[in-house]
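As structure tokens, the structure follows; a few thoughts come after it.
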Amino acid sequence: MVKRAIKIISITELLILASFFVSFSFYINLQIAFLSSFFIILGSMYAYMKMVDKQVQTQEYEEQRDLLDTIEDPHELYDDEPINNAPAEELDLKAIVKEEKKKIKIVNFKDMKKGSKAGFSLFRLIPYLFLVLGFIALKNNNLLEIAVYLPSLLVGIVIGSISGRELFQA
């Protein structure tokens, strides 16, 4: 798996290096955009993988509904819970309201902290910093060619996702 990922990355880098013969500006735009998006994708995959592994080990994860169920029934109208078919006079509306309020999830600091661990990981922040600084450096040195830079971001995303699957398979 790792050998295949290294082979893909090596071939891509050789093709990028061959673009040096077109022009230096073309090469540097391609290289900076590719590396930026490539490392952002790899860093994101690695950070989320570590976060999920940690939650599985500590058993802090919540049982979530199937994605298809969430799409088909976003408000859980067709749940398997029994429906109270009692007449309206016999229903305790206060108890029903209290029960429904318990189902509402309140966003608290602990939940925000849990979700932001992968978002603020150094494995993601450093590549974003490289993206911004690389863009600024190209712009300040009058080397930025948007027609080359933007498609090169796509190349980095594709190669990063393919390599990430190969490297981080469980």
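The values are calculated or read from the model by the stated rules, or taken from the named source; none is laboratory data. Quick caveat, the model's predicted, so the values are computed rather than measured. Cβ placement follows ideal geometry from the backbone for every residue including glycine, while neighbour counts extend to all protein chains displayed.
For the reader, a short list of remarks on this structure follows.
- Qualifying residues in the range 1-49 (those that are surrounded by 15 or more Cβ atoms within 10 Å (Cβ to Cβ) and polar (S, T, N, Q)) - the one nearest to the chain's Cα centre (by Cα): 44
- Residue check for residue 88: of a type in the set (Gly, Ala, Ser), modelled with pLDDT of 80 or more and more than 19 Å from residue 166 (Cβ to Cβ): no
- Scan of the range 1-25 for residues that are part of a helix (DSSP H, G or I) and among the β-branched types (Val, Ile, Thr), ordered by number: 2, 6, 8, 9, 11, 12, 16
- In this structure, residue 71 does satisfy being at pLDDT below 75 and out of contact with any Pro (no Cβ under 7 Å at 6 or more places or on another chain).
- When residue 143 is tested against the conditions (1) assigned to a helix (DSSP H, G or I); (2) more than 26 Å from residue 42 (Cα to Cα); (3) at pLDDT 90 or above, the lone failure is (1).
- Qualifying positions in the range 121-167 - among the basic types (Lys, Arg) and within 21 Å of residue 13 (Cβ to Cβ): 165
Table: residues versus (1) more than 20 Å from residue 154 (Cα to Cα); (2) modelled with pLDDT of 95 or more.
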residue: 19; (1), (2): no, no
residue: 33; (1), (2): no, yes
residue: 36; (1), (2): no, yes
residue: 50; (1), (2): yes, no
residue: 62; (1), (2): yes, no
residue: 65; (1), (2): yes, no
